[in-house]
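Enquirer: One structure, as structure tokens, below. Some questions next.
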Amino acid sequence: MPKRTNNKPKLKIKTKQKKVKTYGLPEDSSEFSIADETATYGKQQLFKTYYKNEEPYIRLLKGDCVEILNKVGENRVDMIFADPPYFLSNGGITCHAGKMVSVNKGKWDKSKGAKENHEFTKKWLEACQKVLKPNGTIWVSGTTHIIYAVGFAMQELGYKILNDIIWYKRNAPPNLSCRYFTHSTEIVLWAAKNEKSKHYFDYKLMKKTNNDKQMRNVWEMSAPQAEEKKFGKHPTQKPVELLKRIIQASTKKDDLVLDPFCGSSTTGVAAVLLNRKYVGIDLEEEYLDVSRKRLEDTINKPALHKVANKQSV
Ligand SMILES: C[S@@+](CC[C@H](N)C(=O)[O-])C[C@H]1O[C@@H](n2cnc3c(N)ncnc32)[C@H](O)[C@@H]1O
């Protein structure tokens, strides 16, 4: 029996391949870029580059961090510090500079209920996990209001939790109601992208800066001093000292540090002082303005850089 052959001419199917240009999140950086067509959603702009500087490398982006990070390519960032909303703006009171004041920080800090808050936490943690390099790490600060949910979301997403740092605030304000112990700590969770990550830790430097003893996970540091707020106040500003230690412990010179909830850019100030690259994202122009002023002030103090680089944490 003759062999049946298929003599049908082979059709060459041309598939239309859309060329995806990368659009600068900084325009000129290959490290942190976004697909061109996603820079805008219809007529609505997804983000705005609020401020940029080449040397040292700094980008401040105005927009929602989840939307922005979801459009950024994978494996771009060496380290993330995230100080997200703690959802404690519930109309209560607190003590500030010896006075009774409202605890409310802003619309961005209002709780939407446990379920919705957790969904948000998971969304931004997922977006961060994607942009982290395989051996990159993330630090997330929080109080009881969110930190357990953050830890649970990290476990759900397959992060590898490395440490829980207890930041003890030696200058914590008193408790006005006298019905609770005085709150004087925050927790900072440190996690690697996943179980396979070979995370970086400058063990030697941490030991050296701790009188040659292994550094423990309880860090005693004051809340930021007035000098750190001279360009405007952010209601939940972190001390530069805390961020310097975090950056020195987990990054190398020239690494790229991202802060998705940058506020007044404490992370950026510490990154510039330590010769790291920095990308900060925030929704509010008011805070980005404080960020810009603080960063420019830091850039314009070269003598301070040298001191900060020689100094330990
Ligand atoms: C806890 S504060 C960060 C303070 C900062 N660590 C500092 O030292 O100034 C949180 C910041 O996240 C911003 N924010 C809240 N939701 C956001 C979102 N979805 N995307 C980007 N920024 C957001 C708020 O405007 C606020 O400035």
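The values are calculated or read from the model by the stated rules, or taken from the named source; none is laboratory data. None of these values were measured; they are calculated from a predicted model. Here the Cβ is made from the backbone with ideal geometry for all residues, glycine too, and neighbour counts use every protein chain on show.
Enquirer: List the pairs whose first member sits in segment 235-257 and is assigned to a strand (DSSP E or B) and within 13 Å of the ligand (Cβ to nearest atom), whose second member is of a type in the set (Asp, Glu) and modelled with pLDDT of 95 or more, and whose Cβ atoms are under 7 Å apart, counting only residues at least 6 apart or on separate chains?
Expert: Once the first residue is assigned to a strand (DSSP E or B) and within 13 Å of the ligand (Cβ to nearest atom) and sits in segment 235-257, its partners that are of a type in the set (Asp, Glu) and modelled with pLDDT of 95 or more give Val257/Asp78.
Enquirer: Can you run down the residue pairs with Cβ atoms below 7 Å, 6 or more apart or on separate chains, where the first is in segment 108-126 and acidic (Asp, Glu) and the partner is surrounded by 15 or more Cβ atoms within 10 Å (Cβ to Cβ) and in a helix (DSSP H, G or I)?
Expert: Taking only residues 6 or more apart or on different chains, the pairs are Glu126/Leu157.
Enquirer: Next question, about the same structure. Yes or no: segment 135-145 includes at least one residue that is more than 16 Å from the ligand (Cβ to nearest atom), over 18 Å from the mean Cα position of the chain (by Cα) and under 21 Å from Thr266 (Cα atoms).
Expert: No: zero hits.
Enquirer: Does Ile246 satisfy the criteria of being farther than 17 Å from Leu189 by Cα and either at pLDDT 95 or above or hydroxyl-bearing (Ser, Thr, Tyr) (or both)?
Expert: No.
Enquirer: Return a yes/no flag: does segment 99-117 have any residue that is among the hydrophobic types (A, V, I, L, M, F, W, C), within 16 Å of the ligand (Cβ to nearest atom) and farther than 30 Å from Asp297 by Cβ. If you could, list the steps in order and put the result at the bottom.
Expert: The first filter runs over segment 99-117 and keeps only residues among the hydrophobic types (A, V, I, L, M, F, W, C), leaving 100-101, 103, 108, 114.
If we keep only those that are within 16 Å of the ligand (Cβ to nearest atom) as well, we get 103, 108.
From the residues that got through so far, the ones that are farther than 30 Å from Asp297 by Cβ too are none.
No, the conditions are met nowhere in segment 99-117.
Enquirer: Using the structure shown, decide if Pro260 is within 9 Å of the ligand (Cβ to nearest atom), touching a Cys at 6+ places or on another chain (Cβ under 6 Å) and touching a residue at least 12 places away in the same chain (Cβ under 8 Å).
Expert: Criteria met by Pro260.
Enquirer: In the set Leu132, Leu69, which member is within 16 Å of the ligand (Cβ to nearest atom) and either more than 18 Å from the chain's Cα centre (by Cα) or crowded, with 21+ Cβ neighbours inside 10 Å (or both)?
Expert: On inspection, the qualifying residue turns out to be Leu69.
Enquirer: Output yes when any residue across segment 209-229 is touching a residue at least 60 places away in the same chain (Cβ under 8 Å) and either among the hydroxyl-bearing types (Ser, Thr, Tyr) or touching a Gly at 6+ places or on another chain (Cβ under 9 Å) (or both), and no when none is.
Expert: Yes, segment 209-229 has at least one match.
Enquirer: Here's something else I'd like to know. For segment 49-111, which strands (runs of 3 or more DSSP E) that fit wholly inside it have 1 or more residues that are modelled with pLDDT under 90 and under 16 Å from Glu284 (Cα atoms)?
Expert: In segment 49-111, no matching strands (runs of 3 or more DSSP E) lie anywhere.
Enquirer: So how many residues does segment 137-176 have that are without any contact (Cβ under 8 Å) to a residue 12 or more places away in the chain and either of a type in the set (S, T, N, Q) or part of a strand (DSSP E or B) (or both)?
Expert: Qualifying residue count, segment 137-176: 2.
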